[in-house]
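Computed from the coordinates by the stated procedures, all read-outs in this text should not be read as laboratory data. Remember, it's a predicted structure, so these values are computed and weren't measured experimentally. Backbone-built Cβ (ideal geometry, glycine too); neighbour counts: all protein chains shown.
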Amino acid sequence: LDALVKAAVIGERHTDEKHKNPDVDGVYRMFSAMLIGEILYRVQLTVKDYSKGENPHKLHALESFEIEDALLGILPAYSGDESLQPAQPTTGRRISIEQLLRGAMRNDGQPYEINP
């Protein structure tokens, strides 16, 4: 979990629209990649920032952790001939933010728009 959070990118930040909790300063939707076997998955983390009155220190709480479908379009198509395999953008365990957020939805139900 620690490694996922350290590698995560923040997709969006918004107020606590769902619960309208006055102690919640912000809700962060974060994304990270996780390799299970040879399949790369997108992990969505929802983190809430809580304020504690006049205390300047904030409490960060992981609200949810969701492993989403395997990321499409970043693994090579199957071929018996290894010379025909396309290069994997995940070589070296790296993918772009655009690839990571492909197909992910914002809080308002709209897809993220990443312009390379």
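Some notes on this structure:
- Amide N proximity, segment 1-40 versus D69 label position 7 Å along Cα-to-Cβ, cut-off under 17 Å: 34, 39-40
- Net charge over other residues, Cβ less than 10 angstrom from the Cβ of V27 (K, R count +1; D, E count -1): -2
- In order through segment 58-63: 3J(HN,Hα) via Karplus (6.51 cos²θ - 1.76 cosθ + 1.60), integer Hz, x for Gly, Pro: 9, 9, 9, 10, 6, 7
- Taking segment 1-61 and dividing mean pair separation by its residue count, relative contact order in percent (alpha carbons under 8 Å, at least six apart): 27
- What the phi angles of segment 13-21 give under the Karplus curve with 6.51, -1.76 and 1.60, with θ = phi - 60°, is a coupling list of 9, 8, 6, 7, 5, 6, 9, 6, 6 Hz, glycine and proline written as x.
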